[in-house]
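Enquirer: Would you mind keeping the following structure in view while I ask a few things?
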Amino acid sequence: MKIKKKELELKAENHTQVVIVNDEGLICLVSRKDDHNDMGLPGGKLEGDETYEEAAIRETEEETGLKISELELIFAMHRKGNMGHTFLVHKYEGELKTDEPHKVKWGKMSEALQGSFKYWNTLVDESLESLGLELE
């Protein structure tokens, strides 16, 4: 039996996102620019020759005003031609603020699980649970 390899349709749109948990057990959430009720995790596309971690640091500061460090890769997946990496942030400093046209706040993971990226965020949440970090 011959198995035909399907042509892979790879795109140059690689993404990164982060999970930042504060002392109260809430996570940092950002809204979509066109829908402030659609909350998700901070992140975005890689630019130029950035690494996933470099893009996560840049995107987080742009979107939230927080400076992050000590990132740990907790989830990675290739889907629909795109590669995505999600990091757990072990250290952050600063206050939530943004000059971008979206909202940023501390909230619950359940809010991210209802947003546009709910499929991805559900898998991230499962990864966090497997590491012993259960979020509301």
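The values are calculated or read from the model by the stated rules, or taken from the named source; none is laboratory data. Note that this is a predicted model, so its numbers are computed, not measured. Positions of Cβ are generated from backbone atoms using ideal geometry, with glycine treated the same way; all protein chains shown enter the neighbour counts.
Enquirer: Within the range 119-129, can you find the residues that are within 17 Å of I20 (Cα to Cα), surrounded by fewer than 19 Cβ atoms within 10 Å (Cβ to Cβ) and of a type outside the set (A, V, I, L, M, F, W, C)?
Expert: Filtering the range 119-129 for residues within 17 Å of I20 (Cα to Cα) gives 120-129.
Subset that is surrounded by fewer than 19 Cβ atoms within 10 Å (Cβ to Cβ): 122-123, 126-127, 129.
Within the range 119-129, T122, E126, S127, E129 meet the criteria.
Enquirer: Follow-up. Quick check on D38: is it surrounded by fewer than 12 Cβ atoms within 10 Å (Cβ to Cβ) and not hydrophobic (A, V, I, L, M, F, W, C)?
Expert: no
Enquirer: Looking at E72, E53, E61, can you tell me which residue is surrounded by fewer than 19 Cβ atoms within 10 Å (Cβ to Cβ), modelled with pLDDT of 95 or more and either under 12 Å from the mean Cα position of the chain (by Cα) or of a type in the set (F, W, Y) (or both)?
Expert: Numbers: E72 fails: either under 12 Å from the mean Cα position of the chain (by Cα) or of a type in the set (F, W, Y) (or both); E61 fails: either under 12 Å from the mean Cα position of the chain (by Cα) or of a type in the set (F, W, Y) (or both).
Testing whether each residue is surrounded by fewer than 19 Cβ atoms within 10 Å (Cβ to Cβ), modelled with pLDDT of 95 or more and either under 12 Å from the mean Cα position of the chain (by Cα) or of a type in the set (F, W, Y) (or both) leaves just E53.
Enquirer: Can you pull out the residues in the range 78-112 that are farther than 11 Å from L29 by Cβ and among the aliphatic types (A, V, I, L, M)? Quick ask: steps written out before the conclusion?
Expert: Applying the first criterion (farther than 11 Å from L29 by Cβ) to the range 78-112 yields 78-95, 97-101.
Correct list: M83, L88, V89.
Enquirer: Further question on the same structure: Pairs, please: C-beta under 7 Å, at least 6 apart or cross-chain, first residue free of Cβ contacts under 8 Å to residues at least 24 places away in the same chain and in the range 107-120, second surrounded by 15 or more Cβ atoms within 10 Å (Cβ to Cβ)?
Expert: Partner pairs satisfying both residue conditions: L113/N121; L113/D125.
Enquirer: Restricting attention to the range 78-136, report how many residues are among the charged types (D, E, K, R) and more than 18 Å from N37 (Cβ to Cβ).
Expert: From the range 78-136, those among the charged types (D, E, K, R) are 79-80, 91, 93, 95, 97, 99-100, 103, 105, 108, 111, 118, 125-126, 129, 134, 136; that's our starting set.
Narrowing further to those that are more than 18 Å from N37 (Cβ to Cβ): 79-80, 91, 93, 95, 97, 99, 125-126, 129, 134, 136.
Within the range 78-136, residues that are among the charged types (D, E, K, R) and more than 18 Å from N37 (Cβ to Cβ) number 12.
Enquirer: For the range 19-34, which positions are more than 16 Å from E134 (Cα to Cα) and in contact with a Ser or Thr (Cβ under 8 Å, 6 or more places away or on another chain)? Give the steps one after another, and end with the answer.
Expert: Quick first cut of the range 19-34, residues more than 16 Å from E134 (Cα to Cα) only: 29-34.
Passing the criteria: V30, R32.
Enquirer: State which residue pairs qualify: first residue over 15 Å from G43 (Cα atoms) and inside the range 66-92, second residue of a type in the set (S, T, N, Q) in any location, beta carbons under 7 Å apart, and separation of 6 or more residues or different chains.
Expert: Matching pairs, first to second residue: K91/S69.
Enquirer: Another question, if that's okay. Which numbered condition trips up L66, out of (1) surrounded by 15 or more Cβ atoms within 10 Å (Cβ to Cβ); (2) within 13 Å of the chain's Cα centre (by Cα)?
Expert: (2)
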